[in-house]
Amino acid sequence: MSTKENDINKLLEILSCSDSIDDLIKNIYPFIKNPIALTDINYYLISYFPQLLTIDETFNCAISRGYWSLEFISQVTKQLDNEKPYSIVKVNKNRRIMFPLSYNNIKLGYMAILEQDTNLDNIDLNFVYTISKLIARELFILRPHQNTMDSQIFLFDLISDTYTNRNLFLQNLKKTKIDYLKAHTSILISLKYFTLGKNKDSKFYNDLYEIINKNAILTTKDNYLYLLFDKEINQNLFIEFNNLFAKYHLFGIYSSKIIDLYKLNVIYNILTKILNFIDNGQIEYKLYNEEDFKSILYLINTPDKDILINYVNEEILILYNYDKENKTNYLETLYFYLVNQKSINEAGKQLFLHRNTIIYRIEKIKEIINYNLEDNLKNISLINSINVLNFIYNKQIIKF
């Protein structure tokens, strides 16, 4: 019997005695002889087998809690190869194969096979990949897509640009409990530096749910946790998030008001780019505001930093080189002086300097760049040029 015929017979055997997802996982196990777990797109557990403790503490914790930890998600997403049908990843010294599950171009979840009783190198991965496609089909059939739809699934589909047209978006929106007419806002949290302590993951989720108090839908994608609110976030909530991020060493960004939910994937992509920009500089564990970055979005969307140097005014380059040679901070002083409409007092407050120091520095700057700072349009150009330099050198010039 050929290998292909043998695989077909094994598939038929599995399907013939499987009436549910749990049956499928249970009947696959004899061919793999390693622990198997299925999760949805938000890493919540759907099914697993065998129902015994494994050699992997992370795997065991996920089974007992019902979802993968944030640290596990963070580590796995760094190792996933989206160009391949599966990836072998290593977490806590133990290898596992991760199969992304999708059907009709809709992402549904993951199948994880932990290396325990059988070496992964001895498993027919092509056969298991075929099995994963069957599981994906079953998940799609069981997916609540007829009369109702889980809001988390809808949110994940939305930020993943699954809905190819507005009509499809509206059809699925009606199946959720999301009020399209409300003004929405969102928060994107980077999980890149989230590390797991004893029960830290559970404590984080408990603290998070206490803050949002059922006023947000959340989903996990790649290395981020995304929250959608049906209202604007007030100052008290902002402070609570800052305290949460400081406690767990996280950082995130709060979006502007969302006018059109259909364009949420565009907003999500902008927020991820801003967080990557922040990550390249000096990170503070806090909730940033998208509004503070709108003036430099064009920089964040420019891939080649070498090109950006052409957008910097000659005067700013002169002052930048002077600061480097003389170890001064005139460029920073100029920036805060100009953005505060040339207010000596406001610049002094933000730089924690006496007004006389600001006055001295501004006069010195005028002398260095041979420009009196009286042309308002040119001053705007100088501010933009400093923003460009700040981006090129990863925020080492001005700390916003």
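The values are calculated or read from the model by the stated rules, or taken from the named source; none is laboratory data. Just so we're clear, the structure is a prediction, and the values are computed from it rather than from any experiment. Using ideal geometry, Cβ is built from the backbone for each residue, glycine included, and neighbour counts are taken over all protein chains shown. Remember, those area values only see protein heavy atoms, side chains included, never the ligands or the DNA or RNA. Shrake-Rupley method; radii C 1.70, N 1.55, O 1.52, S 1.80 Å.
Restricting region 257-280 to residues that are outside any helix (DSSP H, G or I) and open to solvent by 20 Å² or more (accessible area, probe 1.4 Å), which is modelled with the lowest pLDDT?
The extreme case among them is Asn280.
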- Query: Going by the structure shown, is Ile318 open to solvent by 40 Å² or more (accessible area, probe 1.4 Å) and of a type in the set (A, V, I, L, M, F, W, C)?
  - Reply: yes
- Note on the structure: Restricting region 101-123 to residues that are open to solvent by 60 Å² or more (accessible area, probe 1.4 Å) and either among the hydrophobic types (A, V, I, L, M, F, W, C) or touching a residue at least 12 places away in the same chain (Cβ under 8 Å) (or both), the one nearest to Thr54 (Cα to Cα) turns out to be Gln116
- Query: Which of the residues that make up region 85-95 are surrounded by 18 or more Cβ atoms within 10 Å (Cβ to Cβ) and in contact (Cβ under 8 Å) with a residue 40 or more places away in the chain?
  - Reply: Tyr86
- Message: If I filter region 36-51 for residues that are at pLDDT 80 or above, more than 23 Å from Ser190 (Cα to Cα) and touching a Lys or Arg at 6+ places or on another chain (Cβ under 7 Å), do I get at least one hit?
- Response: yes
- Query: For region 76-88, what are the residues that are under 17 Å from Thr118 (Cβ atoms) and not aromatic (Phe, Trp, Tyr)?
  - Reply: Ile88
- Message: For the structure I just gave you, tell me whether Lys342 is touching a residue at least 24 places away in the same chain (Cβ under 8 Å), open to solvent by 30 Å² or more (accessible area, probe 1.4 Å), assigned to a helix (DSSP H, G or I) and not aliphatic (A, V, I, L, M).
- Response: no
- Message: Checking the structure you have, find out if any residue of region 67-80 is modelled with pLDDT of 85 or more and surrounded by 18 or more Cβ atoms within 10 Å (Cβ to Cβ).
- Response: no
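For region 151-232, list the helices (runs of 4 or more DSSP H) that sit wholly inside it and hold at least 1 residues that are open to solvent by less than 30 Å² (accessible area, probe 1.4 Å), among the charged types (D, E, K, R) and touching a residue at least 12 places away in the same chain (Cβ under 8 Å); which are they?
151-159, 200-212
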